[in-house]
Number of protein chains: 2
Amino acid sequence: MSQSVQKNLNTIYSCQKEIKTLEQIESLLGWDRETYMPEKGITSRSEQASLTGKLLHQKMVSKRLEDAVSRLSSPEIYSSLSEKDRNVVSRLRKDIEKEKKLPTEFVGRYIKATTLASPAWASAREKKDFSIFEPHLEKIISLKKEEIEYRDFPGHPYNSLMDYFEEGMTVENLDSNFRSLRKDIVSLLGDIMGSRKYEKADFSGKYGVKSQKRIANKVMSQMGLSSNRSRLDVSPHPFTTTIGPDDVRITTRYNKDNPLESFSGVMHESGHALFELGMPREYDNTVVQNSASYGLHESQSRFWENVIGRGAPFWNHFFKNFRKEFRGMKNASLDDWLLYVNWVEPSFIRIEADELTYGLHIILRYDIEKGLAEGSIKTEEIPELWNEKMNEYLGIVPENDSEGALQDVHWSHGLFGYFPSYEIGSIYAAQIYDAMKKEMPGLEDDIEKGDFSVINKWLGDKIYRHGRTMSAEEIIEKACGSGLDSSAFMGYLKNKYSEIYDL
Amino acid sequence: MSQSVQKNLNTIYSCQKEIKTLEQIESLLGWDRETYMPEKGITSRSEQASLTGKLLHQKMVSKRLEDAVSRLSSPEIYSSLSEKDRNVVSRLRKDIEKEKKLPTEFVGRYIKATTLASPAWASAREKKDFSIFEPHLEKIISLKKEEIEYRDFPGHPYNSLMDYFEEGMTVENLDSNFRSLRKDIVSLLGDIMGSRKYEKADFSGKYGVKSQKRIANKVMSQMGLSSNRSRLDVSPHPFTTTIGPDDVRITTRYNKDNPLESFSGVMHESGHALFELGMPREYDNTVVQNSASYGLHESQSRFWENVIGRGAPFWNHFFKNFRKEFRGMKNASLDDWLLYVNWVEPSFIRIEADELTYGLHIILRYDIEKGLAEGSIKTEEIPELWNEKMNEYLGIVPENDSEGALQDVHWSHGLFGYFPSYEIGSIYAAQIYDAMKKEMPGLEDDIEKGDFSVINKWLGDKIYRHGRTMSAEEIIEKACGSGLDSSAFMGYLKNKYSEIYDL
């Protein structure tokens, strides 16, 4: 290897290390803000975050890094590199190219618009008045259309918006998956609501926080999270954060009326955390050490929260812990509990939706975002369209826009193209479970014993270790035999609900 | 004000803000490492701290800052500045001048020597073998002599070493204070140990951590620390850290056998924290917002821990909380408790020493460091000299060097000139209490009621608000009528122990 190649490689690795380290510091600042920071620390915390962000930006747009990447990308040099170096260089090159597509002055206008939109959205939602948010949303949508032109992806204009979250995903792919998914969910929902077992089990009562904590720690440790690489704390909005490749933390909140909220939340965040802790170590401190997409990350949280954590095999094993911890559940039946855990019901708020109807909330948003991107829907039409679609998909109509088009913070931050990732995660998770069961016929027996070692090994080998060396679709195709496939998800749902609701 | 003056002022304020912000980030990284970080997070934490340190260093030695300070320091510009700007500029100028006295290559050698010395010291202490540490200590001492030449303060060579901790303090001043202090402590110690009440009260037992926590939080809040600007956590080595002017945190550790350890520790750290939180806000994000010296900072922790927290007025009020929290203390007498809290006894380890004998540990170290600085003591003579002085001052002789000259980490880090600050803190604290009592004759009544508001106000007005606009000696002289005065401290000790031991 020539001296100049080595010098350029040193440059890209040292730049990436500084960037990763600053990102980790940013994560710690955020984690502490949400967990332990005294209230009045917020002023200096904002300064600390803003300085870190500024330093991070300087490092990321550094000409030195860009030049080194460009030199290493020339065909004869690139082909002489090791596989690892090639993966890093090509990933960096793509990231830099994407970054450069947006003119600086556009980014300035964009930040200004979303900064103004956030408080307007909060106020609109509080006052249940879409008109307060509308001019801001209008502005953001027009900026998003401008962004589509800069990004200029082939196919549907919405492809340009999805790319940041799901690199390589297309409207064509999603359309075909979501079309059948919507039909199947609506049909299954009807079957469930018409079944003779459609009666909600009653688990109202008081559930002590200490017991909830003990159970949460138990499931974390069973899932394979060790206290020397992770921890669980309390925050108003649960999250997972990576402060280092060996320091990934999750949070939850405890609801005294409902022990499932913290429990499912902890399994969800633990799924994210296991993914982060399972990243390929040979790519420490590089851009490759990350998830290939938001949907793939979400597949890990949903796999544990829903596929494992709402399944009969898991509860066959784990229910005894609930009965032991909570006096009121001493005589509860496992059947009732499974019905409670898998209760299905149309509702207005996405984040409170059950595993089945959740998809309809996503498809509704996807339809609207796609229409906005292509210009077939106007901003002012959103609230009515929202309500019509709620009625069509779920058979219920919001009483006001705070229960409808104003419920999510995403659009006020300019996050268009993000919602599909949530449902992609659910679909991937079901595909992963299918593939695992095919390869390991004894899987459910293991789960019934509370032994997740084969699951951990499978996920480590087939998902975690790829980092960003491939796209999410490639990773899933390699692991499960096909890219995004909603039929696997529907098969999984039908199978589960048929048992529980006696369909 | 001319445009160029304004530009230079902007430069110095924005540089200082970045420096302060990076220092705060550094504090958070350290706080989290000691409190909540999962064990294996240490590798990335070291990278994060090292990057922050590197960025901090770059900002501090920035030519831009130095040039702006130098321009603003020219007499006609300087005299046209506001009082605040003058304070900031002159403080910065002094700091930069001091920083520049040490050649970079010297700093490199110094860091290398102390880096190698730390593990050698730890191993020597563990193996009770001074010879393992000796060559490293020899090297550090020779570097310290070189440093003395660079710093080149007038008077005794040791003045150059003390300056970093106690700007403006001199051997001449300390010699006269420590000479009489040593004589007086030894004499009072003899009186106490010969008194008929010299019998230790028995408070052995088990003290629940929850109760200890509750009491610790109670005293913090009574002292004036509010949970929206501070917090208490657990760490192996208690400390106070400033993460922002409104975010100052303390830690403690709980010993189930001794409730006084956490309680005194919390009062100590709370004293530091109140000082940090009381810094002059008009100097936010400047070098002026800091303590004028280590001794002045220590005066605040010792004022609360010892002067208030071991005094009869405080316990007249607070003892009921201990009796309530700890079942075993239900029938304990206040007299016995005061004897327990103020127990005096010669011992080997400085950090375990009582309020009276502590000074002898410091004077011993001061004597040795001074001798090393002037060349009258050689490195290899330290252990024997230590033991001789222990015998002379305290009447006891360590069995090995781990109980003697190897007990403190300071020298392995190159911290020569630091020890005096601890005792200066005790002396200042007594002077402060004297001045308070003179000005507020009803002070002890307030303390007996658990009302510290007049104390907080006095400390705020006379100590906290000065930051680094004056030297510690100037602050104390202005507040108490004279600079360092060990006779005030002895008067306070004699007064207290006479009551308790019936002298």
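Some values worked out for this structure:
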item	result
Matching residues in the range A:363-388 - criterion: being part of a helix (DSSP H, G or I) and of a type in the set (Lys, Arg)	A:ARG365, A:LYS370
Search result, residues across the range B:316-362 that are assigned to a helix (DSSP H, G or I) and within 17 Å of B:TYR497 (Cβ to Cβ)	B:LEU334, B:ASP335, B:ASP336, B:TRP337, B:LEU338, B:LEU339, B:TYR340, B:VAL341, B:TYR358, B:GLY359, B:LEU360
Residues of the range A:99-121 that turn out to be open to solvent by less than 50 Å² (accessible area, probe 1.4 Å) and either out of contact with any Leu (no Cβ under 9 Å at 6 or more places or on another chain) or of a type in the set (Gly, Ala, Ser) (or both), as a count	7
Restricting the range B:233-287 to residues that are in a loop (DSSP other than H, G, I, E, B) and under 15 Å from the mean Cα position of the chain (by Cα), the residue that is surrounded by the fewest Cβ atoms within 10 Å (Cβ to Cβ)	B:HIS237
Any pair with Cβ under 6 angstrom, 6 or more apart, that starts in the range A:385-404 at a residue that is over 15 Å from A:SER131 (Cα atoms) and ends at one that is open to solvent by 60 Å² or more (accessible area, probe 1.4 Å) and not in a loop (DSSP other than H, G, I, E, B)	A:VAL397/A:ASN391
Residues of the range B:307-339 classified as of a type in the set (Phe, Trp, Tyr) and open to solvent by 40 Å² or more (accessible area, probe 1.4 Å), total	0
Qualifying residue in the range B:221-242 (condition: within 14 Å of another protein chain (Cβ to nearest Cβ) and under 19 Å from B:SER426 (Cβ atoms))	yes
Matching option when the condition is in contact with a His (Cβ under 8 Å, 6 or more places away or on another chain), closer than 30 Å to B:PHE153 by Cβ and not aromatic (Phe, Trp, Tyr), among B:GLU423, B:GLU380, B:GLU369, B:GLU374	B:GLU374
So A:LEU102, is it closer than 30 Å to A:PHE133 by Cα and more than 14 Å from chain B (Cβ to nearest Cβ)	yes
Test: residue in the range B:139-158 that is among the small types (Gly, Ala, Ser) and touching a Leu at 6+ places or on another chain (Cβ under 6 Å)	no
Qualifying residue in the range A:50-69 (condition: away from chain B (no Cβ under 14 Å), farther than 23 Å from B:GLN58 by Cβ and either touching a residue at least 12 places away in the same chain (Cβ under 8 Å) or open to solvent by 20 Å² or more (accessible area, probe 1.4 Å) (or both))	yes
Output for the range A:34-46, where each listed residue is part of a helix (DSSP H, G or I) and either more than 10 Å from chain B (Cβ to nearest Cβ) or open to solvent by less than 70 Å² (accessible area, probe 1.4 Å) (or both)	A:GLU34, A:THR35, A:GLY41, A:SER44, A:ARG45, A:SER46
Filter pass, A:LYS84 being within 14 Å of chain B (Cβ to nearest Cβ), of a type in the set (Lys, Arg) and either touching a Leu at 6+ places or on another chain (Cβ under 7 Å) or at negative phi (or both)	no
Residue match in the range B:94-109 (condition: in contact with a His (Cβ under 9 Å, 6 or more places away or on another chain) and part of a helix (DSSP H, G or I))	no
Listing of helices (runs of 4 or more DSSP H) fully contained in the range A:156-224 that carry 2 or more residues being open to solvent by 20 Å² or more (accessible area, probe 1.4 Å)	A:171-193, A:209-223
First in the range A:266-295 and of a type in the set (Asp, Glu), second anywhere and modelled with pLDDT under 95, Cβ under 6 Å, 6 or more apart	none
Residue check for A:ASP354: free of Cβ contacts under 8 Å to residues at least 12 places away in the same chain and open to solvent by 10 Å² or more (accessible area, probe 1.4 Å)	no
Evaluation of B:LEU372 against (1) touching a Lys or Arg at 6+ places or on another chain (Cβ under 8 Å); (2) open to solvent by 10 Å² or more (accessible area, probe 1.4 Å); (3) farther than 23 Å from B:VAL186 by Cα (one fails), failing number	(2)
Odd one out for B:GLN6 among (1) in a helix (DSSP H, G or I); (2) at the interface with chain A (Cβ under 10 Å from one of its Cβ atoms)	(2)
Complete set of residues in the range A:10-33 that are facing another protein chain (nearest Cβ under 7 Å) and out of contact with any Ser or Thr (no Cβ under 7 Å at 6 or more places or on another chain)	A:GLU18, A:THR21, A:LEU28, A:ASP32
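The values are calculated or read from the model by the stated rules, or taken from the named source; none is laboratory data. Please read all numbers here as calculations on a predicted model, not as lab measurements. In this analysis, Cβ positions are derived from the backbone assuming ideal geometry, glycine residues included, and neighbour counts consider all displayed protein chains. Each accessible area value is taken on the protein alone, full model and side chains, heavy atoms only, with ligands, DNA and RNA left out. Shrake-Rupley method; radii C 1.70, N 1.55, O 1.52, S 1.80 Å.
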